[in-house]
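Step one of this worksheet: look at the structure below.
The values are calculated or read from the model by the stated rules, or taken from the named source; none is laboratory data. From a predicted model like this one, the values you see are computed outputs, not experimental measurements. Note: ideal-geometry Cβ built from the backbone for every residue, glycine included; neighbour counts use all protein chains shown. Note: areas computed on protein heavy atoms with side chains; ligands, DNA, RNA excluded. Shrake-Rupley method; radii C 1.70, N 1.55, O 1.52, S 1.80 Å.
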Amino acid sequence: MEASVIKNTGSWYVVRTDDGPEIDCKIKGNFRLKGIRSTNPIAVGDRVKITVNESGTAFITEILPRKNYIIRRASNLSKESHILASNLDQTLLIVTLAHPTTSLTFIDRFLATAEAYRVPAIIVINKTDLLTDPEDMELLEAVKYLYESIGYHVITTSAKNGDGIETLRTGLEGKTTLISGNSGVGKTTLINDLIPGLDLRTAAISEVHDTGTHTTTFSEMFQLPGESGGYIIDTPGVRGFGTIEMDEHEVSHFFPEIFKFGADCRFNNCTHTHEPHCAVIKALEEGLISQSRYNSYLSILEDSNPDKYRKPY
Ligand SMILES: Nc1nc2c(ncn2[C@@H]2O[C@H](COP(=O)(O)OP(=O)(O)OP(=O)(O)O)[C@@H](O)[C@H]2O)c(=O)[nH]1
Ligand SMILES: [Mg+2]
Ligand SMILES: [Zn+2]
């Protein structure tokens, strides 16, 4: 029998069979990805084969080939990776500019990872109802402009007053979408808005900070209502976004604007750090590439080769 993995609680996997019912499963066999130490061999979104034994226990026996997946490392230099989800059409990065503040480095590391796995990424700036000061509104426009000028689609929402929710809903129709972001940015609240009656647990961020725990603890896939269908995957908030190992010459491929300017560098193996006649550094000096994006690029280079690119302080 074939099924889709919709939840992973650590010891159990919940799958939805193609006939409809949801079944709790254990795993049987070795599902480790070759060459990658992952904390979860089977991910939400995986298509699997299951069998049920005589005593009624269901087992996942096989993972069908993945169309794609997104992996994050537990921390920048950690060897352990975590498969966020598989078989995706797109991913939404939920960010907030206040309560809490998502760092631009976090955004860029996430976007670079999505580029590396060729999963289209959309940025959702949530909690816009909190951005009422002129300064905050300016910041919102600046962040929106920064990412739109690179070519990313940016949606602004307020789960509190409903702004942007229809735009978001339209963007999700008929697709399987992974939602990611820091803890407390409103991922689950947005999903509750999109799926009436779901009523998942959310928590005020002060509570999050007090306990240091995340409100959502397991990834889970939900079916969207409406004729066009689609699925949305809620995930626990992440603090940092450790990128997968990338070759130092590959990193610029995952920053579209750096890649574009890099075509004009004198050396085709230019790392855009110290080489003469580097078109990326020139574009940076002329303000055509943003300093924050370039810094994020350097931070990923550092991960790929900590000794060579570590700054001297
Ligand atoms: N003012 C305001 N508060 C919001 C908005 N969206 C969510 N919140 C609040 O932010 C807090 C955190 O929301 P959650 O949905 O639990 O955040 P999360 O991203 O799912 O967090 P984790 O599950 O820990 O990753 C809750 O108190 C929500 O009510 C918004 O648009 N505006
Ligand atoms: Mg949540
Ligand atoms: Zn260069």
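Kirkwood Rh, the range 1-73, all Cα pairs: how many Å?
On the way: mean 1/r = 0.0792 Å⁻¹.
It is 12.6 Å.
Can you give the % of DSSP beta bridges in the chain that are antiparallel, to the nearest 5?
On the way: 29 of 50 bridges.
The antiparallel fraction comes to roughly 60 percent.
About its Cα centre, how strong a charge dipole does the chain have in debye, to the nearest 20, once Lys and Arg get +1 and Asp and Glu get -1 at the Cβ?
Working: 31 positive and 41 negative charges, 221 e Å.
The calculated dipole for the chain is roughly 1060 debye.
Considering all alpha-carbon pairs of the range 186-267, what whole percent are spaced by more than 22 angstrom?
Numbers: 1748 of 3321 pairs.
That fraction is 53 percent.
Using +1 on the beta carbon of Lys and Arg, -1 on that of Asp and Glu, and nothing else charged, what's the dipole of the range 116-200 about the Cα centre, debye to 20? Numbers along the way, then the final one.
Values: 7 positive and 12 negative charges, 106 e Å.
Charge dipole, the range 116-200, about its Cα centre: 500 debye, nearest 20.
What shape does the chain have by the C-alpha gyration tensor, where a ≥ b ≥ c are the square roots of the eigenvalues, rounded means a/c under 1.5, and otherwise prolate means a/b greater than b/c and oblate the rest? Intermediate results must be reported in sequence, preceding the final value.
On the way: a/c = 2.04, a/b = 1.36, b/c = 1.49.
Oblate is the answer for the chain, as a/c is 1.5 or above yet b/c matches or exceeds a/b.
For the range 153-200, just say rounded, prolate or oblate: build the C-alpha gyration tensor, square-root its eigenvalues into a ≥ b ≥ c, call rounded for a/c under 1.5, and beyond that prolate if a/b exceeds b/c, oblate if not.
Numbers: a/c = 1.16, a/b = 1.11, b/c = 1.05.
In terms of gyration-tensor shape, rounded.
Taking Cα pairs under 8 Å and at least six residues apart, what relative contact order does the range 82-157 come out at, in percent? Write down the numbers at each step before the final one.
On the way: 77 pairs, mean separation 25.9, N = 76.
Dividing the mean separation by the residue count of the range 82-157 yields 34 percent.
Compute all pairwise cysteine Cβ distances in the chain, then list the cysteines with no distance under 4.7 Å to another cysteine.
25, 278
Within the chain, what whole-number % of the accessible surface is contributed by carbon and sulfur, with the 1.4 Å probe and all protein chains included in the calculation? Intermediate values should be presented prior to the final figure.
Working: 7740 of 15580 Å².
Summing carbon and sulfur atoms, their accessible area is 50 percent of the total for the chain.
Find the accessible area per residue for the range 78-169; the probe is 1.4 Å, ligands and nucleic acids are left out, and the unit is Å². Intermediate results must be reported in sequence, preceding the final value.
Numbers: 3940 Å² over 92 residues.
Heavy-atom accessible area per residue stands at 43 Å².
Using 0.36 nm times the number of residues separating residue 135 and residue 298, minus their current alpha carbon distance, what extension gain do you get? Present the calculation step by step, with values, prior to reporting the outcome.
Working: separation 163, 0.36 × 163 = 58.68 nm, distance 2.84 nm.
Residue separation times 0.36 nm, minus the Cα-Cα distance, leaves 55.8 nm.
Taking +1 at the Cβ of each Lys and Arg and -1 at the Cβ of each Asp and Glu, which of 156, 172, 140 sits farthest along the dipole of the range 89-172 towards its positive end, judged by Cα position relative to the Cα centre?
Ranked along the dipole, the leading option is 172.
From the residues 216, 287, 231, which one has its Cα farthest along the dipole of the range 187-307 in the positive direction, the dipole being from +1 and -1 charges on Cβ of Lys/Arg and Asp/Glu about the Cα centre?
287
Taking the simple approach of a point 7 Å from Cα along Cα-to-Cβ for both residue 163 and residue 90, what is their distance in nm?
Label at residue 163, label at residue 90, 2.1 nm between them.
Once you sort the root eigenvalues of the Cα gyration tensor of the range 98-195 as a ≥ b ≥ c, which label holds: rounded (a/c under 1.5), prolate (a/b larger than b/c) or oblate (the other case)? Can you show the working numbers first?
Working: a/c = 1.56, a/b = 1.09, b/c = 1.43.
Taking the square roots of the gyration eigenvalues as a ≥ b ≥ c, the range 98-195 is oblate.
HN-Hα J couplings of the range 41-58 from phi, Karplus 6.51/-1.76/1.60, θ = phi - 60°, integer Hz, Gly and Pro as x?
Values per residue, Gly and Pro as x: x, 10, 10, 4, x, 5, 8, 9, 9, 10, 10, 10, 7, 4, 7, x, 7, 9 Hz.
Considering only C-alpha atoms, what is the centroid distance from the range 54-70 to the range 135-174, in Å?
Here the answer is 36 Å between Cα centres.
Just want the answer: with Cβ charges of +1 for Lys and Arg and -1 for Asp and Glu, which residue in 96, 117, 107 is farthest toward the dipole's positive end in the range 67-153?
117
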